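Read the figures in this text as sums done on the coordinates, not as results from a lab. On a predicted model such as this, the values are computed, not experimentally measured, just so you know. Neighbour counts run over all protein chains shown; Cβ positions are idealised from the backbone, glycine included.
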Amino acid sequence: MTLPDKQSIYVTLHNISEGGCCVIRTGQLPLKPADQVRIEVWHDDIQLKVSFAASVRWVTSLAMSSKAGLRFVDSSVKTRRYIKQYLNHSGALTT
């Protein structure tokens, strides 16, 4: 994920859907609601690498980690198709 200050960090993608996702990171996430970030997703099985702009909706700090809810900014047909393709190949979506 690329933060608003252009720093890149690794996060774990969780609960991805066509509209957004949740990310988890050990330690703190230096984010606040309305920040703009970029998520880069790589799927080895299908050699698919996509990047999505997202807006931070919420951030929660836990004892040893942080979570953030993100909403994808681009809701175009192309973006939705990439997300659907990722979900289908990751086993997160059944049709």
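Loop-resident trypsin sites (Lys or Arg not before Pro) (DSSP state other than H, G, I, E or B) in region 1-67 with no more than 14 further Cβ atoms inside 10 Å of their Cβ: 6. Here residue 57 and residue 85 are evaluated by their C-beta separation; at R0 = 35 Å the FRET efficiency comes out at 0.90. A simple count of charges around residue 71, restricted to other residues whose Cβ falls under 15 Å of its Cβ and scoring Lys, Arg +1 and Asp, Glu -1, yields +2. Using the Karplus relation 6.51 cos²θ - 1.76 cosθ + 1.60 with θ = phi - 60°, the per-residue 3J(HN,Hα) values for region 10-25 come to 8, 9, 9, 7, 9, 6, 7, 9, 5, x, x, 7, 10, 10, 10, 9 Hz, with x marking Gly and Pro.
Counting only DSSP beta bridges whose two residues both lie in region 12-90, roughly 100 percent are antiparallel. Cβ-to-Cβ counts within 10 Å put 10, 82 in ascending order as 10, 82, the fewest first.
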